[in-house]
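Chemist: Below are the structure tokens for one structure; questions will follow.
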Amino acid sequence: MAEHDGEVRVAHDARGGDVVVLLDGEDLGAHDTRVFGNGDEADGHNRLLDALAKRSHDGDGEQNRRDGEHHVHDAHDDRVPFPTLVAGDRAQNDAERQRDGHGRQADDEGNLGADEHAAEDVAAEVIGPEQVAKRRRGSRMYPAFSEIQEYLDKDGSKPFLLVEYCHSMGNGPGDFEDYFQMIQDNDKMCGGFVWEWCDHAIAHGTAENGKTIYAYGGDHGEEIHDGNFCMDGLVYPDRTVHTGLLEYKNVYRPARVISYDKESGELVLHNYMDFDNLKDYVKISYELTQDGLLIGKGKLDEVSVVPHSEGKTNLQVNVPENGKCYLKLTYHLKKEMPLLEEDYILGFDEIEVSQKDAKCQLAEKWVEKTVTDSELQVSEDDTQIHIKGREFAYTIDRRTALFTEMKFAGREYLNHPMELNIWRAPTDNDMYIKSEWKKAHYDKAYTRAYTTEVVQGKHGVKITSHASVVAETVQKILDVTITWKIEAAGKIDADIAVTKDDEFPDLPRFGVRMFLDKKLSAARYFGMGPQESYCDKHQAASHGLYQANVDDLHEDYIRPQENGSHYDCEYVELNNSRYGIVVSAENAFSFNASYYTQEELEEKTHNYELTESDSVVFCVDYALNGIGSNSCGPVVLEQYRFDDVLFRFQFTLIPYIKG
């Protein structure tokens, strides 16, 4: 029997005159059959034609049925053109999906888009639901984790290859580590192909601000294009490294720490190489830090671990009683290779070894800082609360419960009023969820206070407001209780308790946004760096005490979007040579400092068009939604979604002068 890829054939069954539908299978080049009619040939034809009618993409099902009548006859070997939709050629389906703008994607359960559902409904009519389910299994592009796991648990008859995964568009991807773990946990997983290596954009000279003018879909006046979907690589067009490539590199390091006992010093390593013993391939150095400061370092003796197995060695370090302490092991290439020189860094592991309940001492120093009592002057009117101390003068707006003025040592720190912030400039991977966010009016949300109580005591003043985050035409998004405790020296303790309306979608973020004096251009922080880091995108970052200019905290994606956040921070300071401001907290937070507002990042379509604001835009965040790879892959995994309904954000804010 000849093969007819993607076609349906109608034939007589020699056994009893039944009508048989023959389909070319995708998996082994075999033919599937389905008998219709129990001898009633006309019934078989009609059922096939009805199925064809249902596959209409333009709503004219009856026309499709009539068209099908031209192809379906009672001849012994007539064919019905029925490409891909029934035969289940996943690769061709995905190619079609890419050609028509990536409009059909898998959801969080790995389900298909509407058009592909319609196609499978047709297939079910023709060959039955069991055959359809069978054809869906196996290697494919951008599967959801749940879909892969279901296949491995219920079938697993063939190896599973990620034909494409971790779509590397813009700020992302955020799921390298999760895919790695799934691949390693099951021998039926073959690995996969990250899409893709580089951004494809055309350089058109240099803008006045010195940036390269990169053009992408639509920039040449063409009507048919895919926008910036040609920019989905791990490197920029000039091959400058994306932070996503750094993430990829460390996820696929040659070895990993499986366990470490800081009491006994026992260290267990796994060798992920296919052929090389670890002792022949890598040299391992280590560093011990306390609150980001180096307190010990050295090199491990050779560790013999054969490929794909575990080995033990011993590493004794003296961990101090106080401070956040991390042990970092770095893997260096032991031998020169054609493209890599000896000692090239292949990746690292970081292990927290802090003593129980240890806190970052930098953070604790600022949180616990007190001075002798001095009098505070508090005055109120219908719209404002003024708090004045020896060195500071603050103003809180009764209508928002937030600071509008923050003067310290004669300097105004705020250029614009403080805000509660739930929006972010959508990333490329937010392209689908952003429509839900905008329907919820998250991008137009603002804070409204209802009642405010002021209580003055010996050591300061406590201001408590009942407020909400709202937007026009929708119900209240967040119900909020905001408490500010202001001490006589000017230290501000924030306590923000939030209840979210569960009918709203996951939040992009929650935090406070301040517009600070632009002279506060130097950042110092204890958290994950040096590059940007997020809850699901921090495998290439490590904990440390980092310093950077605000300029350097910006990741300049060609299509501007959310960037430059730093995850798991306990302390951040913005300053210049004379004065500064500190944010510190007992529970870790994220921060972002930039010269660009989220509104500017969202509005502009090219990085060379960006205009700096008049401020350092300082976001201190309780949480942000994960990054993921939903531009072409599954939605953000549940553990990285910001779907909290009840949460509490506490931090300390301290303006200061040096000396």
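Chemist: State the number of residues belonging to the stretch 159-173 that are in contact (Cβ under 8 Å) with a residue 60 or more places away in the chain, surrounded by fewer than 24 Cβ atoms within 10 Å (Cβ to Cβ) and hydrophobic (A, V, I, L, M, F, W, C).
Modeler: The first filter runs over the stretch 159-173 and keeps only residues in contact (Cβ under 8 Å) with a residue 60 or more places away in the chain, leaving 163-173.
Next, from what is left, pick out any that are surrounded by fewer than 24 Cβ atoms within 10 Å (Cβ to Cβ): 163-164.
Narrowing the set further to residues that are hydrophobic (A, V, I, L, M, F, W, C) leaves 163.
Residues that pass the stated criteria total 1.
Chemist: Let me ask you something else. Can you name the residue in the stretch 321-344 that is without any contact (Cβ under 8 Å) to a residue 40 or more places away in the chain and surrounded by 14 or more Cβ atoms within 10 Å (Cβ to Cβ) and is also nearest to Lys491 (Cα to Cα) among such residues? Please lay out each step first, then the result.
Modeler: Of all residues in the stretch 321-344, those without any contact (Cβ under 8 Å) to a residue 40 or more places away in the chain come to 321-323, 325, 336-342, 344.
Of the ones still in play, those that are also surrounded by 14 or more Cβ atoms within 10 Å (Cβ to Cβ) are 322-323, 325.
Details: Asn322: 24, Gly323: 23, Cys325: 27 Å.
If we take residues in the stretch 321-344 being without any contact (Cβ under 8 Å) to a residue 40 or more places away in the chain and surrounded by 14 or more Cβ atoms within 10 Å (Cβ to Cβ), then Gly323 is nearest to Lys491 (Cα to Cα).
Chemist: Which condition does Phe176 not pass, out of (1) loosely packed, with under 13 Cβ neighbours inside 10 Å; (2) under 18 Å from the mean Cα position of the chain (by Cα), if it passes all the others?
Modeler: (1)
Chemist: So how many residues does the stretch 424-457 have that are surrounded by 21 or more Cβ atoms within 10 Å (Cβ to Cβ), among the aromatic types (Phe, Trp, Tyr) and in contact with a strand residue (DSSP E or B) (Cβ under 7 Å, 6 or more places away or on another chain)?
Modeler: Counting residues in the stretch 424-457 that are surrounded by 21 or more Cβ atoms within 10 Å (Cβ to Cβ), among the aromatic types (Phe, Trp, Tyr) and in contact with a strand residue (DSSP E or B) (Cβ under 7 Å, 6 or more places away or on another chain) gives 0.
Chemist: For Val317, are the conditions met, namely being closer than 19 Å to Gln184 by Cβ, touching a strand residue (DSSP E or B) at 6+ places or on another chain (Cβ under 8 Å), part of a loop (DSSP other than H, G, I, E, B) and modelled with pLDDT of 95 or more?
Modeler: no
Chemist: Looking at the stretch 591-603, I want the residues that are without any contact (Cβ under 8 Å) to a residue 12 or more places away in the chain and have a partner that is among the aromatic types (Phe, Trp, Tyr) and surrounded by fewer than 22 Cβ atoms within 10 Å (Cβ to Cβ) with Cβ atoms under 7 Å, at least 6 apart or on another chain. Which pairs are those?
Modeler: Final answer for the pair search is none.
Chemist: Considering only residues that are touching a Cys at 6+ places or on another chain (Cβ under 8 Å) and touching a residue at least 40 places away in the same chain (Cβ under 8 Å), look in the stretch 179-209 and name the one that is surrounded by the fewest Cβ atoms within 10 Å (Cβ to Cβ).
Modeler: The qualifying residue surrounded by the fewest Cβ atoms within 10 Å (Cβ to Cβ) is Val194.
Chemist: Within the stretch 462-505, count every residue that is under 24 Å from Phe618 (Cβ atoms) and in contact (Cβ under 8 Å) with a residue 40 or more places away in the chain.
Modeler: The total comes to 22.
Chemist: Here's something else I'd like to know. Which strands (runs of 3 or more DSSP E) does the stretch 535-651 wholly contain that include 1 or more residues that are among the small types (Gly, Ala, Ser)?
Modeler: Values: elements: 542-549, 566-575, 579-594, 616-624.
Where strands (runs of 3 or more DSSP E) fall fully within the stretch 535-651 and carry at least 1 residues being among the small types (Gly, Ala, Ser), they are 542-549, 579-594, 616-624.
Chemist: Go through (1) in contact with a Leu (Cβ under 9 Å, 6 or more places away or on another chain); (2) open to solvent by 10 Å² or more (accessible area, probe 1.4 Å) one by one and return the number of the condition Glu586 breaks.
Modeler: Answer for Glu586: the failing condition is (1).
Chemist: For Lys462, state whether it is basic (Lys, Arg), farther than 30 Å from Asn575 by Cα, out of contact with any Gly (no Cβ under 6 Å at 6 or more places or on another chain) and at pLDDT 95 or above. Before you say what the answer is, go through the steps one by one.
Modeler: On the way: basic (Lys, Arg): yes; farther than 30 Å from Asn575 by Cα: no; out of contact with any Gly (no Cβ under 6 Å at 6 or more places or on another chain): yes; at pLDDT 95 or above: yes.
So Lys462 does not fit the description; no.
Chemist: Please state which one of Gly580, Gly633, Gly628 is in contact with a strand residue (DSSP E or B) (Cβ under 8 Å, 6 or more places away or on another chain), surrounded by 22 or more Cβ atoms within 10 Å (Cβ to Cβ) and farther than 30 Å from Val367 by Cβ. Lay out the reasoning, then the answer.
Modeler: On the way: Gly580 fails: farther than 30 Å from Val367 by Cβ; Gly628 fails: in contact with a strand residue (DSSP E or B) (Cβ under 8 Å, 6 or more places away or on another chain).
Residue meeting the stated conditions: Gly633.
Chemist: In the stretch 220-253, what residues are open to solvent by 60 Å² or more (accessible area, probe 1.4 Å) and either in contact (Cβ under 8 Å) with a residue 60 or more places away in the chain or of a type in the set (Lys, Arg) (or both)?
Modeler: The answer is Asp226, Arg239, Leu246, Tyr248, Lys249, Tyr252.
Chemist: Just checking, how many residues over the stretch 296-313 are under 12 Å from Asp280 (Cα atoms), of a type in the set (Ser, Thr, Tyr) and touching a His at 6+ places or on another chain (Cβ under 9 Å)?
Modeler: Total satisfying the criteria: 0.
Chemist: Can you tell me how many residues within the stretch 387-411 are under 21 Å from Thr447 (Cβ atoms) and either touching a His at 6+ places or on another chain (Cβ under 7 Å) or open to solvent by 60 Å² or more (accessible area, probe 1.4 Å) (or both)? Walk me through it before giving the result.
Modeler: Here is the first cut: in the stretch 387-411, the residues under 21 Å from Thr447 (Cβ atoms) are 387, 394-406.
Within this subset, residues satisfying the condition of being either touching a His at 6+ places or on another chain (Cβ under 7 Å) or open to solvent by 60 Å² or more (accessible area, probe 1.4 Å) (or both) are 395, 399, 405.
Qualifying residue count, the stretch 387-411: 3.
Chemist: Condition test on Glu364, is it part of a loop (DSSP other than H, G, I, E, B) and either at pLDDT below 95 or within 28 Å of His538 (Cβ to Cβ) (or both)? Please lay out each step first, then the result.
Modeler: Numbers: part of a loop (DSSP other than H, G, I, E, B): no; either at pLDDT below 95 or within 28 Å of His538 (Cβ to Cβ) (or both): yes.
So Glu364 fails the test.
The values are calculated or read from the model by the stated rules, or taken from the named source; none is laboratory data. On a predicted model such as this, the values are computed, not experimentally measured, just so you know. FYI the Cβ positions are ideal-geometry reconstructions off the backbone, even for glycines, and counts take in every protein chain you see. The accessibility values were calculated without ligands, DNA or RNA, using every heavy atom of the protein model including side chains. Shrake-Rupley method; radii C 1.70, N 1.55, O 1.52, S 1.80 Å.
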